[in-house]
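Remarks on the structure that follows.
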Amino acid sequence: MLLEYLTISGVSCVEMYLIFQSDNIVHFLRGGIFLCAALSQLSFYCIPAELVSSQALGVADSIYQSDWASPYIPDVRKKCVIVMILLTVRTLEFLNIRY
């Protein structure tokens, strides 16, 4: 996602420079449409991915704060909960390199 963000940001800066330097309305409209498409692509991919990854960090805390240490829960399930906590501590990353 970082690579896509940096690429779109760089291309958007160059495109805005070209928009303001051109005196032809066709180049202005083409650049404006391309800029809107690039920014909408960035918002459709990066913003939801950031929201999901930030909410995924709270899963381990939610599991830990539950009543998993109750004496009424068998030890086998307590071990499963500890394994779930260990697995959810890892960060969640969305990469556009692998599909």
Ala37 surrounded by 10 or more Cβ atoms within 10 Å (Cβ to Cβ) and within 16 Å of the chain's Cα centre (by Cα): no
Tabulated pairs, region 1-26, first in the same structural domain as Ser43 (by TED's automatic domain parsing), second surrounded by 11 or more Cβ atoms within 10 Å (Cβ to Cβ) and β-branched (Val, Ile, Thr), C-beta under 6 angstrom, 6+ apart or interchain: none
Odd one out for Arg30, checked against (1) under 24 Å from Tyr5 (Cβ atoms); (2) within 25 Å of the chain's Cα centre (by Cα); (3) not hydrophobic (A, V, I, L, M, F, W, C): (2)
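The values are calculated or read from the model by the stated rules, or taken from the named source; none is laboratory data. All figures in this text were calculated on a predicted structure; none of them were measured in a lab. Positions of Cβ are backbone-derived with ideal geometry, glycine not excepted, and every protein chain shown enters the neighbour counts.
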